[in-house]
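J.: I'd like to ask you about the structure that follows.
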Amino acid sequence: MGVVAQWENQVKDCLKQNKELRGMLDNLRAGQASTVEIQRSLLEVNKDGGNESSSPAEILSLKGQLAKEQSRAEALSAEVLQLSARLQQATQAYNDLARLYKPVLRNIENSLLKMKQDGSVTVQ
């Protein structure tokens with residue numbers, strides 16, 4: 001069991017590092033989005049009434065939105081991975097319990113059937 005515990009600890013460490021890196025990436029993207037917002041605002045202020053500068057402002061705005069949505073998508077992806085791991089652990093635990101208790105339940109069932117056949121138990 002020592003190997004399993006060591007592997008689980010390594011996985012937990014990796015998940016912790018992954019979460020920290022994801023936070024750093026989110027901060028970078030938020031900074032990028034705010035920089036894009038500032039640039040977009042400057043373009044709108046410098047706009048001289050024509051439609052020429054509205055297109056770059058839209059592009060910058062979309063880039064900011066894209067950065068935010070990428071962060072959100074990655075966070076959701078990480079959550080899905082964590083939930084999948086938890087589901088796998090729960091399934092493994094269920095299978096282990098079933099493997100342990102099926103013989104016990106089978107013995108109880110056989111004993112009850114034998115008692116019923118012997119007539120010492122009446123079934124209603």
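J.: Any chance you could tell me what percent of the C-alpha pair distances in region 2-118 go past 25 Å?
T.: Value for region 2-118: 59 percent of Cα pairs lie more than 25 Å apart.
J.: Can you list the lysines whose alpha carbon is less than 28 Å from that of LYS116, not counting same-chain residues fewer than 8 positions off?
T.: Result set, ordered by chain and number: LYS102.
J.: For LYS19, list the lysines whose Cα falls under 21 Å from its own Cα; do not include residues on the same chain fewer than 8 positions away.
T.: Filter leaves LYS68.
J.: If you don't mind, there's one more thing I want to ask. Taking the Cα atoms of region 59-124, report the difference between the largest and smallest coordinate on each principal axis, in whole Å and largest first.
T.: 85, 25, 8
J.: Please give the contour-minus-distance gain from MET24 to ASN9: 0.36 nm per residue of separation, less the Cα-Cα distance, rounded to one decimal in nm.
T.: Answer, rounded to one decimal: 3.1 nm.
J.: Let me ask something additional. Multiply the residue gap between GLU74 and SER41 by 0.36 nm, knock off their C-alpha separation, and tell me the result in nm, one decimal place.
T.: Taking GLU74 through SER41 to full extension adds about 9.1 nm, to one decimal.
J.: Now, a different point. Hey, what do the phi angles of region 90-101 turn into as Karplus ³J(HN,Hα) couplings, whole Hz, using 6.51/-1.76/1.60 and θ = phi - 60°, x for Gly and Pro?
T.: Working through the residues one at a time gives 5, 5, 4, 4, 4, 5, 5, 5, 5, 5, 6, 8 Hz.
J.: If the cut-off is a Cα-Cα distance under 22 Å, which lysines reach LYS63, setting aside same-chain residues fewer than 8 apart in sequence?
T.: Result set, ordered by chain and number: LYS47.
J.: Along the Cα→Cβ direction, 7 angstrom out, place labels at ALA85 and GLN117. What is the inter-label distance in nm?
T.: Simple spin-label model gives 5.1 nm for this pair.
Bear in mind that the values in this text are calculations on the coordinates, not laboratory data. In this text the structure is predicted, and so the values were computed from the model without any measurement. As a convention, Cβ positions derive from the backbone with ideal geometry for all residues, glycine included, and neighbour counts pool all protein chains shown.
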